[in-house]
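To start, the structure itself, in structure tokens.
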Amino acid sequence: CLQRCLGRRLRPAPSAHRASRAVRRDFERREPYNYLQVAFFQLKKLDQAVSAAHTFFVANPQHLQMREDIEKYRRMSGVKSDSFQDLEATPHWEAYETGVQHYHADEYLQAMARLEESLSEALSALEECRALCEGPYEDEDEEEKMQPGLYEAIAAHYIQVLKCRQQCVLQIATKPGRISATEDFIPSHLDLLQFAYSQVGNQTLAAECAASYLLFYPTDEPMLEKMKQYRTELGEDAAVTARQSIQHYVQRSLMEKKLIYYAVEHLGETFHDPDLWTPDEVIPENLRQKYREDQEKQKQEALDVEEREKRARPLPFEGIAVTMDSQQMNGTQRVVFDRVLTESECKDLLRLTKAAGEAGDGYRARRSPHTPHERFEGLTVLKAVQV
């Protein structure tokens with residue numbers, strides 16, 4: 001059925017329109033924009049080159065060559081500041097970030113509008129992603145030598161589609177350029193919205209958002225307390241129900257999870273559940289312990305990120321720019337700042353370093369630690385402190 005539909009819409013044969021996994025991965029990484037910016041630059045089309053470079057860099061902030069190219073474009077005359085635009089910007093992320101900014105600034109009316117837009121766009125993007133999970137079976141284990149029977153092949157294909165659909169929530173919750181997804185992306189919208197609506201006095205919609213949030217976390221005590229308060233304010237006769245779209249989202253996701261976990265338990269499949277809210281009863285008893293361990297690990301990783309963000313204080317200098325963070329420096333706990341010292345301070349440091357640095361210092365006194373054709377001068381830690 002799918003092949004016939006593709007044949008009608010995409011002529012000639014549908015197979016001519018199906019990209020390989022490698023090509024799809026390149027597009028996900030925005031690789032075409034890397035080539036486009038070079039081509040546009042050679043054609044003297046600066047505005048298009050800048051936008052292509054910026055689009056690639058948003059998704060690849062660790063790409064040093066593109067960082068240098070972006071800086072070069074910024075210094076060039078004739079390049080407009082509004083040319084630095086992300087041509088692949090996702091509407092739900094733009095709306096979400098703007099909404100959160102309004103929320104933290106206590107601008108609840110603007111926050112509600114943008115967060116509602118973000119939630120709607122995110123659910124729409126989710127449907128698109130799920131639709132793209134359809135297609136021929138892709139055998140991830142190419143070394144598999146056993147030819148599966150008909151029922152095994154059908155099951156494997158169906159489970160692959162279901163797992164792909166489940167992972168879509170991670171795709172929409174991952175901001176371009178980030179490695180990890182934003183935790184509880186859909187539920188967080190509802191949490192923010194219920195508070196914003198309550199702040200502007202719209203208790204009906206606040207209660208609706210609270211009821212929707214409780215579909216994910218039915219035992220969340222703070223939200224249950226708020227729900228109790230909303231029912232008191234609205235009256236016991238008021239009908240408070242969760243949003244239809246959220247009910248559909250949760251019910252469908254749970255049904256897919258049940259099928260996948262059945263395959264994990266009985267057919268030897270593997271599954272990394274993308275959600276922290278999956279109830280225990282959906283997971284088979286013998287898999288719960290592993291799921292809880294994975295969930296705790298996910299929570300700890302999220303807390304670590306949050307803790308690092310809390311520790312990020314305003315820099316004690318003005319006009320400082322962070323040019324490289326620890327992730328860009330191979331995950332080490334290092335950071336590179338620009339514009340920290342004045343030019344005269346730099347000259348003083350260079351003068352001191354040249355006066356104190358000796359051949360081989362800092363390399364266990366070996367004059368040529370790598371090859372005889374290289375000379376290294378440096379400072380030991382003690383000498384650096386003394387200087």
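The values are calculated or read from the model by the stated rules, or taken from the named source; none is laboratory data. All values reported here derive from a predicted model rather than from experimental measurement. Cβ placement follows ideal geometry from the backbone for every residue including glycine, while neighbour counts extend to all protein chains displayed. Side chains included, ligands, DNA and RNA excluded: accessible areas come from the protein's heavy atoms. Shrake-Rupley method; radii C 1.70, N 1.55, O 1.52, S 1.80 Å.
Answer with yes or no whether ALA111 is small (Gly, Ala, Ser), modelled with pLDDT of 90 or more and open to solvent by less than 60 Å² (accessible area, probe 1.4 Å).
Yes.
Restricting to the range 254-283, what's the tally of residues that are part of a helix (DSSP H, G or I) and in contact (Cβ under 8 Å) with a residue 24 or more places away in the chain?
Total meeting the criteria: 9.
Residue check, ARG9 against (1) without any contact (Cβ under 8 Å) to a residue 40 or more places away in the chain; (2) open to solvent by less than 60 Å² (accessible area, probe 1.4 Å), all met but one. Which one?
With respect to (1) without any contact (Cβ under 8 Å) to a residue 40 or more places away in the chain; (2) open to solvent by less than 60 Å² (accessible area, probe 1.4 Å), ARG9 is out only on (2).
So TYR35 passes all but one of these: (1) surrounded by fewer than 17 Cβ atoms within 10 Å (Cβ to Cβ); (2) aromatic (Phe, Trp, Tyr); (3) touching a residue at least 24 places away in the same chain (Cβ under 8 Å). Which condition number does it fail?
Failed condition: (3).
Which of (1) part of a loop (DSSP other than H, G, I, E, B); (2) open to solvent by 20 Å² or more (accessible area, probe 1.4 Å) is the odd one out, the single condition GLY135 does not satisfy?
(2)
Read through the list (1) outside any helix (DSSP H, G or I); (2) of a type in the set (Ser, Thr, Tyr); (3) in contact with a helix residue (DSSP H, G or I) (Cβ under 7 Å, 6 or more places away or on another chain), then give the number of the only condition that THR98 fails.
(1)
Restricting to the range 14-32, and then to whatever is open to solvent by 50 Å² or more (accessible area, probe 1.4 Å) and over 30 Å from SER83 (Cβ atoms), can you tell me which residue is modelled with the highest pLDDT?
Checked the range 14-32; the qualifying residue modelled with the highest pLDDT is ALA22.
With respect to the numbered conditions (1) within 30 Å of ARG29 (Cβ to Cβ); (2) hydroxyl-bearing (Ser, Thr, Tyr); (3) open to solvent by less than 60 Å² (accessible area, probe 1.4 Å); (4) assigned to a helix (DSSP H, G or I), which one is the sole condition not fulfilled by THR182?
The one condition THR182 does not meet is (4).
Restricting attention to the range 327-340, which residues are at pLDDT below 80 and surrounded by 12 or more Cβ atoms within 10 Å (Cβ to Cβ)?
Scanning the range 327-340 gives a single hit, GLN327.
Suppose the filter is within 20 Å of HIS102 (Cβ to Cβ), without any contact (Cβ under 8 Å) to a residue 24 or more places away in the chain and not basic (Lys, Arg); does LEU205 pass it?
Answer is yes for this residue.
Inside the range 42-68, can you point out the residues that are among the charged types (D, E, K, R) and open to solvent by less than 40 Å² (accessible area, probe 1.4 Å)?
None - no residue of the range 42-68 is among the charged types (D, E, K, R) and open to solvent by less than 40 Å² (accessible area, probe 1.4 Å), so the list stays empty.
Residues in the range 302-320: is at least one open to solvent by 70 Å² or more (accessible area, probe 1.4 Å), at pLDDT 85 or above and not in a loop (DSSP other than H, G, I, E, B)?
For the range 302-320, residues open to solvent by 70 Å² or more (accessible area, probe 1.4 Å), at pLDDT 85 or above and not in a loop (DSSP other than H, G, I, E, B): absent.
Is at least one residue of the range 29-37 within 19 Å of the chain's Cα centre (by Cα) and in a helix (DSSP H, G or I)? Steps first, please.
Let us first name the residues in the range 29-37 that are within 19 Å of the chain's Cα centre (by Cα), namely 29-31.
Filter again for in a helix (DSSP H, G or I), leaving 31.
Yes, because at least one residue in the range 29-37 is within 19 Å of the chain's Cα centre (by Cα) and in a helix (DSSP H, G or I).
Looking for whichever is in the same structural domain as ASP191 (by the TED database) and among the basic types (Lys, Arg) here; the options are ARG130, ARG25. Which one fits?
Answer to the check: ARG130.
Scan the range 232-249 residue by residue and report those that are in a helix (DSSP H, G or I) and open to solvent by 90 Å² or more (accessible area, probe 1.4 Å).
Correct list: THR232, GLU233, GLN244, HIS248.
Just the residues that are assigned to a helix (DSSP H, G or I), within 19 Å of PHE185 (Cβ to Cβ) and either in contact (Cβ under 8 Å) with a residue 60 or more places away in the chain or open to solvent by 90 Å² or more (accessible area, probe 1.4 Å) (or both), please, taken from the range 209-231.
Residue satisfying the conditions is PHE216 alone.
Say we look at the range 251-263 and pick out the residues that are among the aliphatic types (A, V, I, L, M) and buried (at least 18 other Cβ atoms within 10 Å of the Cβ); which of these is modelled with the highest pLDDT?
That would be ILE260.
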